[in-house]
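Engineer: Structure incoming, see below.
Please treat every number below as a calculation from the coordinates, not as lab data. Quick caveat: nothing in here was measured; it's all calculated off a predicted structure. Cβ placement follows ideal geometry from the backbone for every residue including glycine, while neighbour counts extend to all protein chains displayed.
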Amino acid sequence: MEKLEQLYEGKAKKVFRTDDDQLYIVSYKDDATALNGLKKGSIENKGIVNNLLTNYLMQQLEEKGVPTHFVRQLSDRETLVKKVTIVPLEVIVRNIAAGSLSKRLGIAEGTQLAGPVLEFCYKNDELGDPMVNDYHIYAMNICSAEELRQISSMAFKVNDFLKEYFSGLGITLVDFKIEFGKTDDGKIILADEISPDTCRLWDSKTGEHLDKDRFRRDLPDTAGGYREVIKRALGKEI
Ligand code: TMP
């Protein structure tokens, strides 16, 4: 597999073309941004944690019947993935009130929700990723009703798996964001990452935040939270 030119550099990852036109290489960086790019910094070895954890979880999800873009891990920071066109939606699932939901609805952070909440945000940096509903999604031709049905069903499946998986590690899954992509043959698959950048993960006993909220909220030692997650998940000291 030959790595060719860089196609894209995002806030946390770079994407490279390969000599196979259906495969890309994703390279995870330590760079971190928050507050829609207003806060910039770096979290030591975050790229390694996010790459290893995402790949492990995507393989587990494949086994549970959720198709993903994962092909093969190439190194600590690089992974071979299927080429997709990203559906421009941030798909968020929440189990416990936190972050923007707490703010918007006045529900105290940490309140157990009576059932999981599914939200969609339109991926657009200039607009600050506004929340949209199914009618907006169809009106803007973001995806079809059948595709949104598949996305929603996969998002809940991912939630069921992740909740149980993290619970076994002594970690409470508060909420998370995932993204989906469309392959050239029209299949919707899970893409992007599942990591402490994109999940709220609280220590089940102490309630300590083991995720990017440490960075977002100027709490100390964000890297330590990421290290703790990968240690519990894969037994790896990074
Ligand atoms: P929120 O409470 O800020 O809306 O975040 C909900 C979840 O989505 C949380 O786990 C963090 C994740 N998230 C991202 O991964 N990227 C984003 O740009 C935002 C706003 C949230």
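Engineer: Once you keep just the Cα pairs under 8 angstrom separated by 6 or more residues, what percentage relative contact order results for the chain? Don't jump to the answer; show the numbers that get you there.
Structural biologist: Numbers: 437 pairs, mean separation 41.8, N = 238.
Contact order relative to length: 18 percent.
Engineer: So, in nm, how far is label residue 111 from label residue 140 when the simple model puts each one 7 Å beyond its Cα toward the Cβ?
Structural biologist: 2.8 nm
Engineer: Provide the FRET efficiency to the nearest 0.05 for the residue 36-residue 185 pair, computing r from the beta carbons and using R0 = 41 Å.
Structural biologist: Numbers: r = 34 Å, r/R0 = 0.83.
Working from the Cβ atoms, E equals 0.75.
Engineer: Full-extension gain between residue 237 and residue 3, please, as 0.36 nm times their residue separation minus the C-alpha to C-alpha distance.
Structural biologist: Numbers: separation 234, 0.36 × 234 = 84.24 nm, distance 2.86 nm.
Net length gain for the segment: 81.4 nm.
Engineer: Can you tell which of 226, 188, 110 lies farthest toward the positive end of the dipole of the chain, using +1 and -1 charges on the Cβ of basic and acidic side chains (Lys, Arg; Asp, Glu)?
Structural biologist: Farthest towards the positive end: 110.
Engineer: Let me ask something additional. Of all trypsin sites (Lys or Arg not before Pro) in region 59-128, which ones are in loop regions per DSSP and have a Cβ with at most 14 other Cβ atoms within 10 Å?
Structural biologist: Values: sites: 64, 72, 77, 82, 83, 94, 103, 104, 123; in loops: 64, 77, 83, 123.
Those satisfying the criteria are 64.
Engineer: Moving on to the next point. Binning at 5 Å from 0, report for the chain what percent of all alpha-carbon pair distances ends up in each bin.
Structural biologist: 1, 6, 13, 18, 20, 20, 13, 6, 2, 0, 0
Engineer: Where nothing but the Cβ of Lys and Arg (+1) and of Asp and Glu (-1) is charged, how large is the charge dipole of region 44-194 around its Cα centre, in debye to the nearest 20?
Structural biologist: Working: 16 positive and 22 negative charges, 36 e Å.
Dipole about the Cα centre, nearest 20: 180 debye.
Engineer: How many angstrom separate the Cα center of region 178-238 from the Cα center of region 104-141?
Structural biologist: Result: 19 Å between the Cα centres.
Engineer: A follow-up question, please. Nearest 0.05, what FRET efficiency do residue 153 and residue 63 give at R0 = 22 Å with Cβ-Cβ as r?
Structural biologist: Details: r = 17 Å, r/R0 = 0.78.
Approximately 0.80, to the nearest 0.05.
Engineer: Beyond 17 Å, what percent of the Cα pairs of region 23-132 remain?
Structural biologist: On the way: 4134 of 5995 pairs.
That tail contains 69 percent of the Cα-Cα pairs.
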